[in-house]
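Here the structure comes first, spelled out in C-alpha cells, and everything after it is commentary.
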Amino acid sequence: MCGGFTCSKNALTALNILYIVVAFILIGVAVYGRASALVTNLPIIGGILACGVILFLISILGLIGAVKHHQVLLFFYMLILFLLFLIQFSIACACLAVNTKQQEQLAEEGWTRVELDLKTKVENTFNCCGFNNTNDANLACKDPTKVCCPTTDVNLMSNCPPCPTCMHKLQSTIDYAFKLCGSIGLFFSFTEVIAAFLARYYRNQLDPQEKAARAIFPRHNYLY
C-alpha cells in the first residue's frame, strides 16, 4: 500500500477511474444486448444495466472523495464498498459452487419465464427442441423442415433423428457462464476490499497543506 498522501490519492483515483470504465462496459453490453434480437426480452439485461449504473455512481462518489479528500464522502464510499463486497463475494461463491443439477434447475426456471418468441429463436439458433423435454416443446419445434432435420421428403422424415433438447446443447455454455461470472465476481470483490481499505487509509492521512497550515498557525490548530 502507498505510504504517502499523494500516492494513496493517486491510487484511489486510478482505481475509481477503472471502475468507471468497467461501469461503461457493463452499460454498453446491456444496451447492445437489448438492441440484439436474440436477447431482447431476457431479464438479465436489466440486471446488467442496473449493476453498471450503480457501479458508476459509486465510482463517482469515490472519485470526488479522493480528489477533494472529503471525509464524509470517503466514509460512505467505504461503507457502500464493503456492503457491495459482501453481496458480490457471496454471489460469486454461489456461482462457483453450483453443480450441474442446480444449473439445470435455474436455467429451466428461466426458460419457463421467457416468452414463446424467444424460445423459438433459441431453438432455431442452436438447432434444439424444447429445454429438457421435447414433449412440451412449442409447435415450431415440431416443424419437419427444422435445420436438425432439413428435408421435405415424406419417406425420409420417418428416419430423421429427433432434435436434441436445448439443455443438452447449452449445458457446456451454461456451465462456462456460471464459472466465468463467479471468477470475475470474485476478482472484483477483492478489488473492492482493496479500495475500501485504501480509502480508509487515505481518509486517516493528513493533507500536507493542512500540516503546513498547522506549522504556520499553531495557535489555530483547534480549527482543524
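Numbers at a glance
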{"quantity": "Among 94-103, 188-197, the order from most to least packed when residues are scored by Cβ within 10 Å on average", "calculated": "188-197, 94-103"}
{"quantity": "Calculated FRET efficiency for the pair Ile87/Tyr201, C-beta based, R₀ 30 Å, to 0.05", "calculated": "0.80"}
{"quantity": "Karplus-derived 3J(HN,Hα), 6.51/-1.76/1.60, for each residue of the stretch 164-180, Hz, glycine and proline x", "calculated": "x, 6, 5, 5, 5, 6, 9, 4, 5, 5, 5, 4, 5, 5, 4, 5, 5"}
{"quantity": "Built amide H within the under 5 Å cut-off of Phe131, gap 5+", "calculated": "Cys166"}
{"quantity": "Inter-label distance, nm, simple model (7 Å from Cα along the C-beta direction), Glu108/Ala94", "calculated": "2.0 nm"}
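Computed from the coordinates by the stated procedures, all read-outs in this text should not be read as laboratory data. All of these numbers come straight from a predicted model, not from anything done at the bench. Cβ atoms come from the backbone with ideal geometry, glycine included; neighbour counts cover every protein chain shown.
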